[in-house]
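Comments concern the structure below.
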Amino acid sequence: MTLKSLMQEEEEPKTQVAVKERTKEFLKLPLTRQEAVLTAAVEYETMNQQEKLLAARRNKILRPIIEGATHAYGVEDQDGHFHLLMEKDAVPTEVIRTKKISRTLNSVAAETLLKEKGLYDSCVIQVISWEIDEEKVIEAYQAGKITAGELDNIFSERISWATSVKTNEPEVKEVEKIRKEIEKMETKEMPEISQ
């Protein structure tokens, strides 16, 4: 048996005693207060499970349908975003797939290129260690010292998409209104219950 397991054995009875004492205090509360706490705990966990269910349904069932339809039937704008306009009962709905591109510098490829071009010293700044100054690399590209192809080779590009839906559908607006009202509410520890 290790020292850690021995210490845990000693701590467990102390913890169990403290839990039992606190539970005794809770059990002294009027039944209505105990029931209110139990009801809140069960409702809280029910909501947790509902949130997980909603997220799973949204991400595994609904998102693929609207994203696929938006790419298949939507219109691409000048920024590469896709828009799918629909209408039901004269209520317009638009699905927007927003394209997000992030570029990260491949330091190894950049260092090799900059050394080949004799630009290493002018495009590197000293922090604690040597680090390539991306702004200086872009300046070298803009000055014609690095080609667009070479620039593409030293930066890696990651594309991600965000999906949003704009609609005036009454059901959506009602849920949004309720959510906003709840978000504005002040948090209360526990409401007082008359006996």
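Confirm whether Ala162 is under 30 Å from the mean Cα position of the chain (by Cα), more than 30 Å from Arg33 (Cβ to Cβ) and either modelled with pLDDT of 90 or more or open to solvent by less than 90 Å² (accessible area, probe 1.4 Å) (or both). Steps first, please.
Values: under 30 Å from the mean Cα position of the chain (by Cα): yes; more than 30 Å from Arg33 (Cβ to Cβ): yes; either modelled with pLDDT of 90 or more or open to solvent by less than 90 Å² (accessible area, probe 1.4 Å) (or both): yes.
Answer is yes for this residue.
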> Does segment 149-170 contain any residue that is aromatic (Phe, Trp, Tyr) and closer than 30 Å to Ala72 by Cβ?
Replying inline: yes
> Taking into account only those residues within segment 96-128 that are of a type outside the set (Lys, Arg), at pLDDT 90 or above and under 26 Å from Glu67 (Cα atoms), which is most open to solvent (accessible area, probe 1.4 Å)?
Replying inline: Thr98
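Hey, can you tell me all the residues within segment 85-109 that are among the acidic types (Asp, Glu) and more than 19 Å from Gly74 (Cβ to Cβ)?
Keep residues of segment 85-109 that are among the acidic types (Asp, Glu), which gives 87, 89, 94.
Selection gives Asp89 alone.
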>> With surrounded by fewer than 13 Cβ atoms within 10 Å (Cβ to Cβ), touching a Leu at 6+ places or on another chain (Cβ under 9 Å) and not polar (S, T, N, Q) as the only criterion, which of Tyr73, Tyr141 stands out?
In response: Tyr73
>> Looking only at segment 26-54, how many residues end up being part of a helix (DSSP H, G or I) and open to solvent by 100 Å² or more (accessible area, probe 1.4 Å)?
In response: 9
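The values are calculated or read from the model by the stated rules, or taken from the named source; none is laboratory data. Everything numeric here is computed off the predicted structure, so don't read it as measured data. As a convention, Cβ positions derive from the backbone with ideal geometry for all residues, glycine included, and neighbour counts pool all protein chains shown. Note: areas computed on protein heavy atoms with side chains; ligands, DNA, RNA excluded. Shrake-Rupley method; radii C 1.70, N 1.55, O 1.52, S 1.80 Å.
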